[in-house]
Amino acid sequence: MVEFLFIVFAVVAVGSAAGVVLARSPVGSLLFMVASLASVAALYVLLEAHFLAAIQVMVYAGAIMVLFLFVIMLLNLGHDYRRDLRLTLTALPLFALTGGIAALLILRFRGAEQAPIYRFFGGGDAIDAALAEQGAVGAIAHPLFTDYLVPFEITGILLLVAIVGAMALAKRHVDDPVPAPAPPAEPLAALDASAEEG
Amino acid sequence: MELDFSSQGHYLVAFVPELILTALGMLVLIAGVSRRLARDPERSFDIGWLALAGVLLAAFANGWMYGVHEVGTQAMIAVDRFRLFANWVLLGSAGLAVVMSMAYVDRQRLQAGEYYGLLLFSTVGMMVMAAARDLIVIFLGLELMSIAVYAMTALNRAERRSAEAGLKYFILGAFATGFFLYGIALVYGATGSTNIARIAVEVGSGSAQPALLALGVGLMLVGFAFKVGAVPFHMWTPDVYEGAPTPVTAFMSAGVKAAAFVAFLRVFTVAFDGVWDRWWTIVWWLAALSMVAANLLALAQLNVKRMLAYSSIAHAGYLLVAIVAANQAAAAGMLFYLLVYAVMNVGAFGIVLIVANQGEDRLLIEDYAGFGQQQPLLGVLLTIFLLSLAGFPGTGGFMGKIYLLQGAMGAHLVWLSVVLVLTTVVSYGYYLRLAWYMWMSEAPTPDVFHQVRAPISMRIALLAAAALILYLGVFPDAALEMARASVDALTAFGGSAAATP
């Protein structure tokens with residue numbers, strides 16, 4: 001049963017990922033992407049990572065994709081994207097490159113319990129133990145607030161900076177609240193004259 | 001005080017300078033939107049002074065950190081003298097940039113709270129990069145620094161080129177970030193850790209998967225080369241430096257570059273030390289190409305900001321020589337050079353700001369005609385900065401290049417040293433051309449520069465910068481000793497030492 005479900009969702013995930021690249025319109029691409037992300041969430045459920053699956057649906061398939069959709073629909077209304085999305089031959093070497101890296105990774109980690117990645121990490125057994133002991137949320141939250149506390153806190157500042165930067169740039173076209181704003185680039189002579197008077 | 005990072009409180013202590021700067025950054029943001037300050041545009045200076053106070057407090061905390069010692073090198077945050085020396089450079093360039101920005105922010109009606117807040121947060125990102133001993137933390141510091149600088153680049157609403165430069169920098173920067181992150185992922189796949197000390201062990205013992213490691217190292221190299229602006233990843237530099245508000249350009253050319261180089265050095269000479277013989281040729285070519293191409297292209301520039309942009313690419317080339325050499329002397333030389341470079345470059349941009357009338361007006365080289373005759377003090381200061389950038393004996397820039405060359409000769413990089421010396425000679429051409437216009441050409445009208453917008457704080461900062469440049473040029477020993485002691489903390493360079501006879 002699990003294997004059957006895995007095959008179904010894996011095929012949907014890979015197939016709709018191909019659909020993202022091949023779709024003729026950007027909205028179509030986006031909907032394929034939602035399908036792909038949702039089936040990856042289903043794969044997480046099959047791996048018993050329920051918390052990750054919920055987050056995947058809420059954050060990626062939900063919030064981020066809706067934002068994408070809004071931006072595409074709000075900007076460039078009536079623009080014909082067909083020509084922008086044409087698949088050219090230059091993409092082929094890139095496909096070959098990513099395929100090559102994927103093959104390398106598979107060869108590296110296929111059944112390799114002695115791979116360095118497991119030396120510090122503990123592998124599947126460690127995950128099972130943590131899941132049994134702390135549950136799906138605890139297994140993520142505990143390292144996040146202990147081992148990875150520093151990156152977590154820096155991410156907080158990073159998000160603050162992103163919001164401040166976006167607001168500062170978005171505010172650009174609103175009129176200044178400053179009374180009688182001086183035009184920024186008037187000739188020097190005029191300013192100097194006023195400076196001398198003052 | 002000893003830190004072993006057994007409890008979370010130790011991280012608080014290890015982060016004191018960054019925490020102070022973050023807190024002051026938030027305070028600056030609040031001051032920027034408070035009604036009393038926002039209504040009166042003249043108050044933008046006050047917000048600038050608040051930001052400067054934040055930088056000084058953080059610098060004070062940085063000095064205090066010399067009394068804190070760490071146990072072991074497994075933590076995500078390094079508390080070593082290398083980081084603290086880098087912090088001096090970063091806080092110095094931030095402080096100078098704040099002073100240089102004040103008149104510009106005021107005259108251009110930039111949003112002072114956001115401007116200074118982003119500047120402080122960006123400095124926090126740089127300091128995190130300098131402190132990081134984990135690739136995840138380096139990545140987050142890099143993004144924190146970059147995102148703040150992207151926004152600052154586009155902040156000038158009166159200039160179309162500012163928005164264009166911001167967008168260009170953002171898109172290309174995000175692209176480079178993708179390379180960098182993919183590199184980190186592959187290095188993690190090859191070694192099983194993102195901790196630099198653990199990666200060094202895995203790479204040194206040869207148990208890391210070679211193909212994955214090579215790909216990861218290569219992609220991370222692309223990310224770093226983009227951030228330091230090395231040829232052929234420099235395409236964004238001239239346009240962004242030209243379009244960004246000039247004080248942001250000054251901050252970017254000094255701080256962003258210094259932070260990227262410090263992290264570059266730590267990652268490549270500590271973590272990837274064991275495979276030095278496989279990456280050094282690539283960095284060799286990056287350094288040589290940067291020095292040759294940037295110095296030749298700078299000769300053809302008519303715009304001062306573009307010329308200084310190519311000059312900064314050339315300096316990235318000089319500094320890359322230290323990374324190729326990967327020995328104690330070269331790394332100490334790099335720290336020394338970063339210090340000098342930050343001071344002299346921000347200083348030069350400060351004078352550019354004054355000539356450009358605290359705006360984006362007079363930026364052509366011929367606009368400098370007669371500046372020296374009418375403003376002798378500022379003219380002398382610009383001449384000092386230009387001579388130091390060119391590497392004239394008696395200035396800090398000269399001693400910095402000498403130390404870089406010492407490091408390069410220690411690693412038997414004869415040809416790279418020859419390229420460095422020859423391109424330095426070429427660089428005299430464009431630096432001295434600006435000085436020639438300033439002193440030897442007649443101004444179009446006799447009173448163009450009779451009144452310049454240079455607040456007293458800015459003049460004092462410029463004088464201090466020039467004094468520091470001359471001091472480091474004549475008495476470099478103290479600063480160099482400090483840099484040497486800082487580099488000793490890295491415990492790196494095994495691979496390169498074993499490979500060079």
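Using the 1.4 Å probe convention, the accessible area of the protein assembly as shown works out to 42 Å² per residue with neighbouring protein chains retained. Shown for the stretch B:146-160: residues covered by the partner protein chains by 50 Å² or more of accessible area relative to the chain by itself (probe radius 1.4 Å), namely B:147, B:157. Label reach from residue B:23 (point 7 Å along Cα→C-beta): in the stretch B:40-77, amide nitrogens under 14 Å belong to B:54-62. Restricted to Cα atoms, the stretch B:2-498 shows a radius of gyration and a Dmax of 21.5, 72 angstrom.
Using only atoms on other chains, find how many Cβ atoms lie within 10 Å of each Cβ of peptide A:94-101 and report the average.
Mean shielding by partner chains, rounded to a whole number: 1.
Rounded to whole numbers, the Karplus 3J(HN,Hα) couplings from phi for the stretch B:45-56 are 4, 4, 5, x, 5, 4, 4, 5, 4, x, 5, 5 Hz, using 6.51 cos²θ - 1.76 cosθ + 1.60 with θ = phi - 60°, and x at Gly and Pro. Among the protein heavy atoms, those of residue B:85 account for about 10 Å² of accessible surface (1.4 Å probe, every chain in place). Near the amide H of residue B:3, within less than 5 Å, lie the amide hydrogens of B:69, B:70, B:71, all on another chain or at least 5 residues away, with H placed in the peptide plane.
What separates the Cα centres of the stretch B:72-111 and the stretch B:183-230 is a distance of 27 Å. Leaving ligands and nucleic acids aside, the B/A contact buries around 4200 square angstrom of accessible area in total at a 1.4 Å probe radius.
Full extension of the segment from residue B:380 to residue B:211, taken as 0.36 nm per residue of separation minus the current Cα-Cα distance, would add 55.4 nm.
Pull out a ≥ b ≥ c, the square roots of the eigenvalues of the alpha-carbon gyration tensor of the stretch B:381-501, then state rounded if a/c is under 1.5, prolate if not and a/b is larger than b/c, and oblate in the remaining case. Let's see the in-between values first.
On the way: a/c = 3.84, a/b = 1.85, b/c = 2.07.
It is oblate, given that a/c is not under 1.5 and a/b is not larger than b/c.
For residue B:134, the residues 5 or more places off, or on other chains, whose built amide H falls under 5 Å of its own are B:196. Only protein heavy atoms count here; under a 1.4 Å probe, residue B:412 has an accessible surface of about 110 Å². Inter-chain neighbour count for A:146-155: the average number of beta-carbon atoms from partner chains within 10 Å of each residue's beta-carbon is 6. With contacts taken as Cα pairs under 8 Å at a separation of at least 6 residues, chain B carries a relative contact order of 16 percent. FRET efficiency for the residue A:69 to residue B:296 pair, using the beta carbon distance and R₀ = 45 Å, is estimated at 0.40.
Under a 5 Å amide H cut-off, with hydrogens placed 1.01 Å from N, residue B:364 pairs with B:304 among residues at least 5 apart or on other chains.
Want the number for residue A:105 to residue A:132: 0.36 nm per residue separation, take away the alpha-carbon distance, what's left? Show your work: numbers first, answer last.
On the way: separation 27, 0.36 × 27 = 9.72 nm, distance 2.89 nm.
Taking 0.36 nm per residue and subtracting the Cα distance, the gain is 6.8 nm.
Think of each Lys and Arg Cβ as +1 and each Asp and Glu Cβ as -1; about the Cα centre, that makes the dipole of chain B roughly 500 debye. Listed values for the stretch A:17-24 are Karplus-derived 3J(HN,Hα) couplings in whole Hz (6.51 cos²θ - 1.76 cosθ + 1.60, θ = phi - 60°), namely 5, 5, x, 4, 6, 8, 4, 7, and x replaces Gly and Pro.
3J(HN,Hα) along the stretch B:307-313, derived from phi through the Karplus expression 6.51 cos²θ - 1.76 cosθ + 1.60 where θ = phi - 60°, amounts to 4, 5, 5, 5, 4, 6, 5 Hz, with x in place of Gly and Pro.
With a 1.4 Å probe and all protein chains left in place, how much of the accessible area of the stretch B:2-498 comes from carbon and sulfur atoms, in whole percent? Looking at the stretch B:2-498 in its full context, I get 70 percent from C and S.
Taking a quarter of the surface of the convex hull around the Cα atoms of the protein assembly as shown, what do you get in nm²? Write down the numbers at each step before the final one.
Working: hull surface 129.4 nm².
Taking the Cα atoms of the protein assembly as shown, their convex hull projects to 32.4 nm² on average.
What is the mean number of Cβ atoms from other protein chains located within 10 Å of the Cβ atom of each residue in peptide B:191-204, rounded to a whole number? The partial results should precede the final answer.
Working: counts 4, 7, 5, 2, 1, 0, 0, 3, 1, 0, 1, 3, 0, 0.
Mean partner-chain Cβ count within 10 Å for B:191-204: 2.
Taking the Cα centre of the protein assembly as shown as origin and assigning +1 to Lys and Arg Cβ atoms and -1 to Asp and Glu Cβ atoms, the resulting dipole is close to 980 debye.
The values are calculated or read from the model by the stated rules, or taken from the named source; none is laboratory data. Source: prediction; values computed, not measured. Because the Cβ atoms are built from the backbone with ideal geometry, glycine has one as well, and the counts that use them run over all protein chains shown. Ligands, DNA and RNA are stripped out before the accessible areas are found, and what is left, the full protein with its side chains, is counted by its heavy atoms. Shrake-Rupley method; radii C 1.70, N 1.55, O 1.52, S 1.80 Å.
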